[in-house]
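Everything below concerns the one structure shown next.
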Amino acid sequence: MKKVILTGVRPSGNLTLGNYLGAIKNFVDRQEQYDSYIFIADLHAITSPKDPQKLKEAVYNCVAMYLACGVDPKKTIVFKQSDVLEHGTLGFIMTFQTKMGELSRMTQFKLKSQQQTKEGVDTGLFVYPTLMVADILLYNTSIVPVGKDQQQHVELTRDLAERFNKRYGQTFTMPDVYVAPVGNKILNLQNPLEKMNKSDSGDNKGTIFLMDDIEVAKKKIMSAKTDNLAHVHFDEENQPGISNLMSILSKITDEDFESIEKRYEGKGYGEFKKEVAEVVAKTLAEIQAKFKQFNNKDMLDKILSNGAIDAQKVASQTLKRAANALGLN
Ligand code: ATP
Ligand code: MG
């Protein structure tokens with residue numbers, strides 16, 4: 001039997017180069033080796049209020065983008081989280097297995113709750129990691145490719161699975177996180193101290209959206225913030241901007257940092273940026289050409305409804321096992 005791989009993205013905006021390089025590409029590269037599941041994390045998108053129509057559009061956009069990035073619905077179960085009700089129920093159960101302290105020490109919560117202090121911090125922001133725990137455990141997942149920012153939540157999943165199994169008997173499969181060595185945290189091009197986020201505003205010069213106009217994307221790379229050290233060198237602390245561009249280049253072309261450094265010895269940043277811009281432009285052009293092909297709502301609806309049926313078969317068994325273990329039926 002094949003092991004299970006699973007990942008998901010929130011339909012909270014247009015997908016970025018960070019989402020692609022940090023999560024989706026690592027999934028696509030492995031979809032044949034594993035029993036594969038990729039979902040649209042729409043329940044996670046309502047952690048903060050959203051325009052309902054925009055959310056619906058973002059879901060379609062996200063599925064079409066998965067396909068454009070190489071997800072093959074013949075090999076992978078593609079589904080929408082809210083179509084499989086077991087996510088909510090197991091999420092609820094797992095919230096009850098979790099200590100307040102375990103959730104309040106999550107880095108993402110600490111970071112994002114600071115930005116919400118004016119009107120109060122949403123509970124969703126606090127408890128969404130336990131929904132993520134359910135997302136992963138429902139499918140007996142062995143490997144979860146995510147960006148660095150989500151690593152801690154997969155580790156929480158391991159802690160909770162282990163605790164549950166110890167308390168109530170073997171119920172859940174232990175998942176492993178897969179954070180790729182390169183490109184696990186693509187930084188904002190204008191502020192290379194912060195992660196590139198899809199919920200950054202649409203005209204953000206520091207964020208490469210996969211649907212960006214190719215010339216605009218190139219300009220964003222050419223005007224990326226760097227430093228005045230004038231040598232292409234991988235040093236995340238002292239040269240975060242250049243290191244970020246090197247990560248992008250290396251992740252796309254597979255060339256290692258040493259080789260990139262050698263090629264650019266004694267050369268300026270302009271030339272280097274130009275190569276990164278070209279490589280990114282090519283990647284975007286390929287994705288965008290495929291996106292056009294897949295941007296068909298009838299076809300996407302069919303993929304999602306088939307995916308939900310297949311996903312639900314597995315999820316319902318896991319939920320039954322967990323409910324039995326707890327004495328709930
Ligand atoms: P949001 O701003 O809405 O949180 P996001 O860009 O952080 O959007 P998520 O939907 O939260 O995207 O995350 C989807 C996946 O993409 C996760 O596995 C996450 O770790 C990964 N990811 C997100 N941003 C980056 C990034 N800048 N570099 C690498 N991986 C990333
Ligand atoms: Mg995020």
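Structure above, values below:
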read-out: Cα-projected label distance for Ser104 with Asp213, points at 7 Å along beta-carbon direction, nm; value: 4.9 nm
read-out: Most positive-pole-ward Cα, Ala134, Asn197, Leu21, against dipole of the chain from beta carbon charges; value: Ala134
read-out: Counted charge near Lys302, where neighbours are those whose Cβ lies closer than 14 Å (Asp, Glu -1; Lys, Arg +1); value: -1
read-out: Percentage relative contact order, the chain, counting C-alpha pairs under 8 Å, at least six apart; value: 23 percent
read-out: Cα-centre dipole for the chain with unit charges at Cβ (Lys and Arg positive, Asp and Glu negative), debye to 20; value: 740 debye
read-out: Peptide ranges 171-179, 86-94, 240-248 listed from the most packed, as the mean C-beta count within 10 angstrom indicates; value: 240-248, 86-94, 171-179
read-out: Relative contact order (%) - segment 69-160, alpha-carbon pairs under 8 angstrom, separation at least six; value: 34 percent
read-out: Hits among lysines - C-alpha to C-alpha of Lys220 under 17 Å, sequence gap 8 or more where chains match; value: Lys195, Lys198, Lys205, Lys273, Lys274, Lys282
read-out: Between segment 262-329 and segment 148-168, the alpha-carbon center distance in angstrom; value: 23 Å
read-out: Calculated FRET efficiency for the pair Ile309/Tyr168, C-beta based, R₀ 30 Å, to 0.05; value: 0.55
read-out: Segment 113-258: projected area of the alpha-carbon convex hull, averaged over directions, in nm²; value: 12.0 nm²
read-out: Solvent-accessible ranking of Lys198, Lys297, Lys118, largest area first, probe 1.4 Å; value: Lys118, Lys297, Lys198
read-out: Long pairs among Lys112/Lys219; Lys148/Lys251; Lys25/Lys251, criterion Cα-Cα beyond 18 Å; value: Lys112/Lys219
read-out: Pairwise label distance in nanometres, Gln293 with Asp254, each label 7 Å out on the Cα-Cβ vector; value: 2.1 nm
read-out: Taking segment 214-291 and dividing mean pair separation by its residue count, relative contact order in percent (alpha carbons under 8 Å, at least six apart); value: 41 percent
read-out: Angle between the chain longest axis and helix 86-95 axis [Cα atoms, degrees, rounded to 10]; value: 90 degrees
read-out: Summed side-chain charge close to Phe172 - residues other than Phe172 whose Cβ falls under 12 Å, Lys, Arg +1, Asp, Glu -1; value: +3
read-out: Accessible area per residue in Å² at 1.4 Å probe, computed on the chain; value: 48 Å²
read-out: Carbon and sulfur %, accessible surface of the chain computed with the full protein complex present, 1.4 Å; value: 51 percent
read-out: Extension gain from Lys56 to Glu278, taking 0.36 nm per residue of separation minus the Cα-Cα distance; value: 76.6 nm
read-out: For segment 214-291: span of alpha carbons on each principal axis (Å, largest first); value: 38, 24, 21
read-out: Cβ-derived FRET efficiency at R0 22 Å, Leu229 paired with Arg263, nearest 0.05; value: 0.80
read-out: MRE, 222 nm, helices only [DSSP H, n ≥ 4, -39500 (n - 2.57), over the chain, to nearest 500]; value: -16000 deg cm²/dmol
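The values are calculated or read from the model by the stated rules, or taken from the named source; none is laboratory data. If you're wondering where the values come from, they're calculated on a predicted model, not measured in any experiment. With ideal geometry, Cβ positions are generated from the backbone for all residues, glycine too; neighbour counts draw on all protein chains shown. Side chains are part of the model used for accessible areas, which takes the heavy atoms of the whole protein and leaves out ligands, DNA and RNA. Shrake-Rupley method; radii C 1.70, N 1.55, O 1.52, S 1.80 Å.
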